[in-house]
Amino acid sequence: MKRQNCIMRILVFSIFMGYILPVFPQYTIKGLLQGTEQTVLPYASVRLLRTDSTFVSGTVTDSLGCYHLNQVSSNDYLLAFSTIGYKPQIIPVTVRNANVTVSTVTLESDNVILGEVVVKGSSFIRKEGHVLVIPDKQQVKHANTGYDLLYNLMIPSIDVNKRTGEVTTFGGSVSLYINGEKADYRDVQSLRPRDIINVEYYDVPTGKYSGDIAAINYVTKQYRSGGYISLDGKQTIGYLAGDYNVGAKISHGNTSYSVWGGYNMKDVEGTHTEKYESIYFPDYEVRRNRLTGSADNRSNQQYAQFKISNITKKHNLSAQVSLVRDDVPKESSNDQLAYSGHYSLNSHSAEQKKSESLQPSVSLFGNFKLRKNQELEFKVKGSYTQNDYLRTYVEDEQNSLSDVNEDMYTIEFSGKYTIKMKHQNSLNIALMHQHNISSSLYVGDYDSWQHLWSGESLLFLTYSQKWGRHLNLVFSPGMSMLNYRVHGNELQQYINPRLRLNLVYQPTKKHQIRTSFSIGNSTPQRSFLNDVDQTIDFLQIQRGNPDMGTVKFYRVGIVYGGLMGKFNLQGLLNYTGYIDNVFAQYFIEGDKLISTYRFGDNAHQLTANIGLSYRVTDNLRAKLSGNYMHAIVCGATPMTYNNVGGQLDVNYFWKDFSVNLYGGMQTDYLDVWTLAYLKEPAVYGASVSWSHKGWYLEVGTENPFTKHARYKEHADYGVYKYNQVQTSRINQQTGYVKVAYTFDFGRKTSRDKNDVDRNINSAIMKVD
């Protein structure tokens with residue numbers, strides 16, 4: 001009897017262990033998800049459930065609506081599909097000793113716009129490698145652009161300036177993507193919030209985002225029919241500025257056509273600057289007080305784009321042409337100068353600058369599904385830029401002239417091959433190259449012809465390995481090669497290793513700890529390499545340095561992310577070391593002070609950031625962030641500085657109305673490149689918006705009770721030091737009015753992203 005009981009216990013234990021530690025073969029479930037208009041549904045939620053609705057595993061569809069569930073045992077299951085804007089659906093599926101291909105599943109539209117969909121539970125979902133943020137009803141309804149929506153999401157540690165389009169984290173600028181493609185300001189500005197399915201936030205970027213400090217990827221809907229016409233305008237009050245745009249798109253089947261254009265302008269008067277300078281020549285000292293009595297800055301820009309796209313289950317192809325024109329017809333100042341020290345006199349100076357740039361470009365993009373687990377992507381872009389720059393400087397009876405004409409040719413290429421392997425492991429190979437050729441003719445004080453060509457190639461190999469459910473390693477070695485040559489100088493060539501290592505521990509779905517280590521390099525701006533002389537004034541000359549190399553950096557960081565009910569918390573601690581950094585440099589040459597750039601010495605930054613967002617109610621949201629930075633610059637004159645900052649943002653939604661309040665502390669910091677200490681004043685503001693059907697109206701103000709916000713800056717370079725205080729109408733008591741309208745025809749169509757790259761290429765040495 002005892003023997004039978006022992007055998008029975010062993011049998012029961014074996015059955016139990018077999019249940020919790022399966023040894024049966026594992027299979028794959030795959031399929032395609034689409035909408036009622038045969039529209040593929042990318043990044044939709046797919047959950048595998050037992051017949052009693054117990055969760056087994058989950059995934060999201062890829063950019064073409066395909067999904068794969070791996071390591072599935074033989075059994076009867078339920079597949080649950082859901083995405084914003086469509087009714088969820090559950091279907092049965094049976095796995096019996098073979099891989100399963102599910103027939104195409106079609107989700108029915110919920111017949112309401114995205115803004116009417118309510119997302120229950122947390123909108124922050126911690127995924128492998130990133131945070132998935134799902135916009136809810138209120139956040140979408142009360143946003144008109146991609147920036148508005150990103151601000152409303154209140155992602156901890158992310159600061160969004162809706163006015164300027166700057167998206168930053170404490171480590172620097174956040175890179176923006178749309179469906180995995182790099183985007184610029186106008187791309188995100190033109191996104192319709194109701195077309196955005198979700199937002200992916202890569203706080204410790206890996207893979208294709210590994211070169212970024214942090215990355216935001218907007219995932220949008222893709223429609224196959226219908227079209228829209230959109231109009232929007234923004235007018236600033238307090239100084240003259242405007243931004244006006246019109247766009248249209250039509251889709252038919254797999255192909256869509258879009259055209260987009262716009263105009264913006266700015267006219268700012270009343271900028272006042274007080275600058276106190278000391279120049280130490282070998283045998284004497286010159287002190288100068290500069291008072292800017294009046295300054296006038298006018299600029300405008302026009303841009304246009306035409307794009308055609310074709311999307312199928314096997315590929316995503318697009319081609320576009322764009323044109324950007326920048327015009328700065330007037331940038332002037334009139335100063336009163338008081339000299340002392342070696343000599344004493346009072347004088348008057350006048351500076352006039354104007355510039356014009358024209359840049360047409362053509363780009364091709366392709367993404368191909370080679371097999372179920374392999375993908376190939378490429379992008380080619382070519383552009384030509386014509387730049388004209390004119391500066392005159394007059395001080396009493398002395399005159400200075402610089403007239404520059406530049407032709408620049410740029411070609412960019414990137415290719416990426418990805419293969420997905422078993423157990424959610426993957427291998428990625430990426431190759432990128434950028435080539436620039438610049439030819440500049442300088443006429444004036446220093447006649448010169450400058451020819452610069454540069455090329456940079458990057459090669460990355462990224463491997464992702466997962467151990468169990470809680471631990472993931474991403475190993476990404478790479479190499480960069482930089483070549484450049486300034487006419488008349490030796491060829492400069494630099495080869496640098498690159499490496500990024502991330503170890504991610506996720507004990508639960510709501511908590512994650514990441515440690516990262518990276519080695520990289522950056523290249524100096526092209527204008528820094530131009531060795532032409534430019535007159536600043538009759539004591540100072542600005543000059544480039546053609547012998548600068550690459551800046552190497554080392555970065556170690558740890559990030560914690562936690563989801564606790566209505567709270568979303570993120571904490572970051574990061575160290576960055578810059579080796580052979582590029583610094584501003586001043587030295588005496590005869591009776592002139594030379595302003596240039598030097599290559600060498602090191603800089604170190606220790607940063608800490610904590611961000612907390614809180615969903616008080618469905619209508620009331622808040623975000624609080626705080627940061628600390630410790631900066632050290634090594635060299636002949638070591639420099640150290642500490643900075644503490646913080647910001648509070650509050651949103652309240654009520655029916656068609658939204659109210660926003662925000663405020664940020666005064667910030668003091670050391671710029672580890674210019675070696676200047678800067679103090680920026682506190683910023684605060686408010687806005688009220690109204691959204692109804694296709695209309696959007698917003699009024700807002702910034703610093704409404706501040707009349708004299710001062711930006712302070714000072715630096716000491718040994719032979720030269722200065723102290724500067726500046727006030728401007730842009731930074732105090734301003735307001736704005738924004739109006740937008742979108743007309744849809746046919747079936748609903750997502751707004752195409754605007755791919756116009758509005759960053760004008762130039763290697764001209766300009767006087768700042």
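Taken together, the values in this text are just the output of simple stated rules run on the coordinates, not laboratory data. Given the structure is predicted, the values throughout are model-derived calculations rather than measurements. A quick note on method: Cβ atoms are made from the backbone with ideal geometry, for glycine too, and the neighbour counts reach across all protein chains shown.
So the values come out like this:
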item	result
Theoretical ellipticity at 222 nm over the chain - DSSP helices of four or more residues, -39500 (n - 2.57) apiece, nearest 500	-1500 deg cm²/dmol
Inter-site label distance for Phe587 and Arg469 at 7 Å from Cα along Cβ, in nm	6.4
Range in the chain, longest, excluding exposed GluC sites (Glu not before Pro) [loop by DSSP; at most 11 other beta-carbon atoms within 10 Å]	109-396
Sites matching trypsin sites (Lys or Arg not before Pro) across the range 481-548 that sit in DSSP coil, with at most 14 neighbouring C-beta atoms within 10 Å	Lys509
Karplus-derived 3J(HN,Hα), 6.51/-1.76/1.60, for each residue of the range 674-689, Hz, glycine and proline x	7, 6, 10, 8, 10, 10, 10, x, 5, 10, 8, x, 7, 8, 10, 10
Cβ-placed point charges (K, R +1; D, E -1), dipole of the range 236-392 about Cα centre in debye, nearest 20	1300
Förster radius 60 Å - calculated FRET efficiency between Thr28 and Leu345, Cβ distance, rounded to 0.05	0.10
Positive minus negative residues near His348 (Lys, Arg vs Asp, Glu; Cβ under 14 Å)	-4
Using a Förster distance of 30 Å, the FRET efficiency for Ile632-Ala338 (Cβ separation, nearest 0.05)	0.25
Cut-off under 5 Å, modelled amide H: who pairs with Gln585 long-range	Thr596, Tyr597, Arg598
Electrostatic dipole magnitude of the chain [Cβ: Lys, Arg +1; Asp, Glu -1; Cα centre; debye, to 20]	5020
Degrees between helix 2-20 axis and first principal axis of the chain (Cα, 0 to 90, nearest 10)	40
Backbone HN-Hα couplings from phi across the range 56-62 [Karplus 6.51/-1.76/1.60, Hz, Gly and Pro as x]	10, 7, x, 7, 10, 5, 7
The range 233-745, relative contact order [Cα under 8 Å, separation at least 6], %	9
Label zone at Phe743, where the point sits 7 Å out along the Cα-to-Cβ direction: the range 249-291 residues whose backbone N lies under 14 Å	249
Gain upon complete extension [Glu166, Tyr284; 0.36 nm per residue less C-alpha separation]	38.0 nm
Under Karplus coefficients 6.51, -1.76 and 1.60, residue-wise ³J(HN,Hα) of the range 132-138 in Hz, glycine/proline x	8, 10, 9, x, 9, 3, 5
Net dipole in debye of the range 375-498 [+1 Lys, Arg Cβ; -1 Asp, Glu Cβ; about Cα centre; nearest 20]	1720
